[in-house]
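Take a look at the structure below.
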Amino acid sequence: MIAARGGKVSEDIVVPLERLAEAIVATREIGARHGLPACSWGHAGDGNVHSTFMIDLEDPAEAQRSVHAVQDLFTLAVGLGGSVSGEHGLGLAKRGALARQWPEPALALHEQIKDVFDPKGC
């Protein structure tokens, strides 16, 4: 992927198996809307999709468009009944993304649990 454009932005999402093909097609459509080549691969047996937007690292505008494409990808995953993350977890890159799929009480509980294991908020 990197050889095609020089860089890539990849995210793992999860969708119900019956929506897998739809997610793969929609990822390419998201890329096209943002002027970025896109592809997907992953673990088809469990609905885990690695969606990738290829970018030119020398073009800051492409990097910025990839940020917006990723947000559209998260919206897609939740809209298809899936999740913003699969095997790679959330971390800093997906900070705030759970709000797309969880109600406020669940988010508050999540923060309380996180605080127990990460009191410094790292």
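The values are calculated or read from the model by the stated rules, or taken from the named source; none is laboratory data. Predicted model only: the values in this text are computed from it and were never measured. No Cβ is skipped: glycine too gets one built from the backbone with ideal geometry, and neighbour counts run over all protein chains shown. Surface accessibility is based on the protein's heavy atoms, side chains included, excluding ligands, DNA and RNA. Shrake-Rupley method; radii C 1.70, N 1.55, O 1.52, S 1.80 Å.
When only C-alpha pairs under 8 Å and at least 6 residues apart count, what is the relative contact order of segment 7-66, in percent?
Numbers: 98 pairs, mean separation 24.9, N = 60.
Relative contact order for segment 7-66 comes out at 42 percent.
Largest accessible area first, the listed residues H88, H110 line up as H88, H110 when surface is computed with a 1.4 Å probe on the assembled protein chains. The label point for L17 and the one for A93, both projected 7 Å from the Cα toward the Cβ, are 2.7 nm apart.
Once the Cα-Cα distance is subtracted from the 0.36 nm per residue extended length, the W102 to D72 segment shows a gain of 9.1 nm. Across the accessible surface of the chain, with the other protein chains kept in place and a 1.4 Å probe, carbon and sulfur atoms take up 60 percent.
Which of the GluC sites (Glu not before Pro) across segment 5-86 are loop residues per DSSP, with 10 or fewer other Cβ within 10 Å? Loop-located and lightly packed - E58.
Relative contact order for the chain using alpha-carbon pairs under 8 Å, separation at least 6, rounded to a whole percent? Over the chain, the number comes to 28 percent. The alpha-carbon positions of the chain define a convex hull whose volume is 115 Å³ per residue. Solvent-accessible surface (1.4 Å probe) assigned to S10 amounts to roughly 50 Å².
Surface calculation, 1.4 Å probe, protein heavy atoms: D115 sits at approximately 80 Å² accessible. Heavy-atom accessible surface of segment 3-55, averaged per residue, reaches 47 Å², computed with a 1.4 Å probe. Using the alpha-carbon atoms, what tilt in degrees (0 to 90, nearest 10) does helix 104-117 show relative to the longest principal axis of the chain? Its long axis makes an angle of about 80 degrees. Between the exposed loop cleavage positions of the chain, defined as trypsin sites (Lys or Arg not before Pro) in a non-H, G, I, E, B DSSP state with at most 11 neighbouring beta-carbon atoms within 10 angstrom, the longest gap is 1-94.
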